[in-house]
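To start, the structure under review is shown below, and the notes come after it.
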């Protein structure tokens, strides 16, 4: 029997039946952007956070800040604890925004592979699983804005 067909069969066996080969896992999606939008009849706030910059849009006025590496790292850590696939179906605790008694708020989280958006909630009463994140975003923006005025 010629050696070439045996070689091909052996090569085929090695390629197909690799017993110690672990299945390839998909790379984890990287956080790209977090956007918190809050609005009511007279006011619109748009807060956009990326690894390099933070934008605050108040009505029609934009202010650009640099995002610190420490803030971005903390933001990524908070978001890792949130089940993003369920973001659009979170239970809303208060519905005052529906009668204009509170600002409407929506959170959007963009990763390298998908975009996740929350249902609209009261700006001062986020769903329980978003409470820490929304508070962090407000505090971060407040601290950054204060530092830029010093």
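If the chain between residue 61 and residue 128 were fully stretched, how many nm would it gain, using 0.36 nm times the residue separation less the Cα-Cα distance?
Separation in residues times 0.36 nm, less the Cα-Cα distance, equals 21.0 nm.
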Stretch gain in nm, segment residue 32-residue 70, where the contour uses 0.36 nm per residue and the Cα spacing is subtracted: 12.1 nm
Rounded, prolate or oblate (a/c below 1.5 giving rounded, otherwise prolate when a/b exceeds b/c) for region 29-149 by Cα gyration tensor: oblate
Region 29-149: relative contact order in percent, alpha carbon pairs under 8 Å with at least 6 residues between: 26
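Every read-out reported here was derived from the displayed coordinates using simple, explicitly stated rules and does not represent laboratory data. Given the structure is predicted, the values throughout are model-derived calculations rather than measurements.
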